[in-house]
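Data block below; observations after.
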Amino acid sequence: MTQNKVKNLIIGTGISGLTVANYLKDDYLILEKESEIGGYCRTIKNSRYVWDYAGHFYHFKTEEFKKLFLSLVEPDEIIERKKVTKIYYKDALIDYPFQTNIHQLEKDEFIECLYDLYTKEEKETYDNFLDMLYGKFGTGIVEKFLRPYNEKLYAIDLKKLDKDAMGRFFPYADFDAIIRNMKVQNNTSYNDSFLYLKKGTQYFIDKLYSKIDANKVKLNTKVVEVNTNEKYVITDANEKIYYQNLINTAPYNKFLGQIDKDKGKILEEMSYNKVLVLNLGFDKPSKRYTKEHWIYFPSKDLNFYRIGFYNNILGSDELSVYVEIGFSKDAKIDVEKELASTLDGMKKIGMIDDDIKLVDKSVIIMDPAYVHISNKTDKDLQQVTAELAEQDVYTTGRYGKWTYCSMEDCMIWAKELSEKLK
Ligand SMILES: Cc1cc2nc3c(=O)[nH]c(=O)nc-3n(C[C@H](O)[C@H](O)[C@H](O)COP(=O)(O)OP(=O)(O)OC[C@H]3O[C@@H](n4cnc5c(N)ncnc54)[C@H](O)[C@@H]3O)c2cc1C
């Protein structure tokens, strides 16, 4: 077994790992199990279409990281779009979010939603996510959209999710805001407009990578064992690497599985779901869907919960979409069956017809995709995280922290961590 020693050992070359390395500047080594960098921010190389791991759009809440992004990417590579997002409901397209656009429904359904919203019984505290939805929005809105859509996305009984399972990403709206929106449309949210790259999400990641020393990155190298007492990791290439600080950005559940610690019941508690992403490229544009950036599908007759349009965002002609389908963590995914149902569904909703041909596709399984945030798991993980930090083991990133966040959040945490380590 070969042996090596490094001050800061980083697991993963996603946006988190590369940002840590960028701020540490020196004295690090990054191990990446895949043959290429980028993690979930990878772009699939294809001569005809630009495809990501489902749409990955940049929206910045801090000037610091927006500036960094703009300083690294050439202006003519950047596309800025004001979001055009819809909900496909009974063969009509209504604006997203559903709750503030119920006035766009047929009259009977609108009255039902409005009545239920007005007469709902709010509570001081909610037992779970579903309870919170009924309490805040009333039966109509919940049963027409919020419940079926979120059940498809999270692939879990919503009673098992904490009331704050989606944190700031959930578009809350009070009665007043809903009524006001009926006259003066204000569908603004934290990410009302977004930046995208002509060459796909990975273009920025490649820029981050170009600023670090490529000799300090080892691809095709998977960490398979972590010894926190003696401070080394073992890789699948049978190398033993000693570290002073270990920085993990791999999914926390998988990382814990490799650690020599008593995990108690924490691994069983960590709930999450998978997402099957089908990137599909066609030879012609869609006749019906020409402007939308992405559409949400609450109907359980369709296997997908969201479809995004790379071509409408990039301004290219041929229909090029990412289709997202949610699965529970233990589900076996039959890709061919899902692809057939998807193409069927796309025909039903008038996105494709017999004239248009599927030219190319790529299949990605995001596992994990959405972690199910729970106060109990959070508390238990905080304790494990604190114990690990005492042994100079740190874990960061969306999956390393086991949370729900954006790419920018990952960069913010990565910078904070590197400053602490320096
Ligand atoms: C469907 C979906 C859509 C999204 N859309 C957006 C969006 O539009 N905008 C946005 O800001 N965010 C979006 N996100 C969130 C975004 O993907 C994440 O916040 C971000 O990519 C996480 O980066 P990371 O570096 O923390 O983790 P990852 O990208 O998961 O990187 C972890 C890296 O560790 C490597 N690794 C794992 N195990 C090992 C091991 N044992 N040894 C060595 N290497 C290992 C992996 O191969 C990977 O490269 C989306 C997420 C999902 C699921």
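The values are calculated or read from the model by the stated rules, or taken from the named source; none is laboratory data. For clarity, every value in this text was computed on a predicted model and none was experimentally measured. Here Cβ is always computed from backbone atoms with ideal geometry, including for glycine, and neighbour counts include all displayed protein chains.
Summary table
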| item | result |
| --- | --- |
| Of the criteria (1) part of a loop (DSSP other than H, G, I, E, B); (2) within 19 Å of K357 (Cβ to Cβ), which one G281 fails | (1) |
| Residue in the stretch 240-251 that is outside any strand (DSSP E or B), surrounded by 15 or more Cβ atoms within 10 Å (Cβ to Cβ), within 11 Å of the ligand (Cβ to nearest atom) and of a type outside the set (A, V, I, L, M, F, W, C) present | yes |
| Near pairs, Cβ below 7 angstrom, 6+ apart or cross-chain, from the stretch 54-81 (in contact (Cβ under 8 Å) with a residue 12 or more places away in the chain) to any residue that is part of a helix (DSSP H, G or I) and more than 13 Å from the ligand (Cβ to nearest atom) | L72/K207; V73/Y203; V73/K207; E77/Y203; I79/L314 |
| Hits in the stretch 298-330 - residues which are in a loop (DSSP other than H, G, I, E, B) and either surrounded by 13 or more Cβ atoms within 10 Å (Cβ to Cβ) or polar (S, T, N, Q) (or both) | P298, S299, L302, N303, F304, Y305, S316, E318, L319, K329 |
| Counted residues, the stretch 404-422 - those being more than 8 Å from the ligand (Cβ to nearest atom) and without any contact (Cβ under 8 Å) to a residue 40 or more places away in the chain | 2 |
| Checking K347 against (1) over 25 Å from K263 (Cα atoms); (2) buried (at least 17 other Cβ atoms within 10 Å of the Cβ), the condition it does not meet | (2) |
| Search result, residues across the stretch 361-395 that are away from the ligand (no atom under 16 Å from the Cβ), in contact with a Leu (Cβ under 8 Å, 6 or more places away or on another chain) and not hydrophobic (A, V, I, L, M, F, W, C) | K361, S374, D392 |
| Only listed residue being within 27 Å of F57 (Cβ to Cβ), away from the ligand (no atom under 13 Å from the Cβ) and not assigned by TED's automatic domain parsing to the domain that holds E225, chosen from G281, G326 | G281 |
| Filter result (in a helix (DSSP H, G or I) and within 10 Å of the ligand (Cβ to nearest atom)) within the stretch 252-275 | K254, F255, G257, Q258 |
| Some residue of the stretch 298-320 being among the aliphatic types (A, V, I, L, M), more than 14 Å from the ligand (Cβ to nearest atom) and over 24 Å from the mean Cα position of the chain (by Cα) | no |
| Counted residues, the stretch 219-235 - those being under 28 Å from the mean Cα position of the chain (by Cα) and crowded, with 18+ Cβ neighbours inside 10 Å | 4 |
| Residue that is surrounded by the most Cβ atoms within 10 Å (Cβ to Cβ) [pool: residues in the stretch 108-131 that are under 20 Å from D176 (Cα atoms) and without any contact (Cβ under 8 Å) to a residue 24 or more places away in the chain] | K120 |
| Which numbered condition S286 misses (of (1) away from the ligand (no atom under 11 Å from the Cβ); (2) modelled with pLDDT under 95) | (2) |
| Test: residue in the stretch 192-211 that is in a helix (DSSP H, G or I), within 30 Å of K379 (Cα to Cα) and under 21 Å from the mean Cα position of the chain (by Cα) | no |
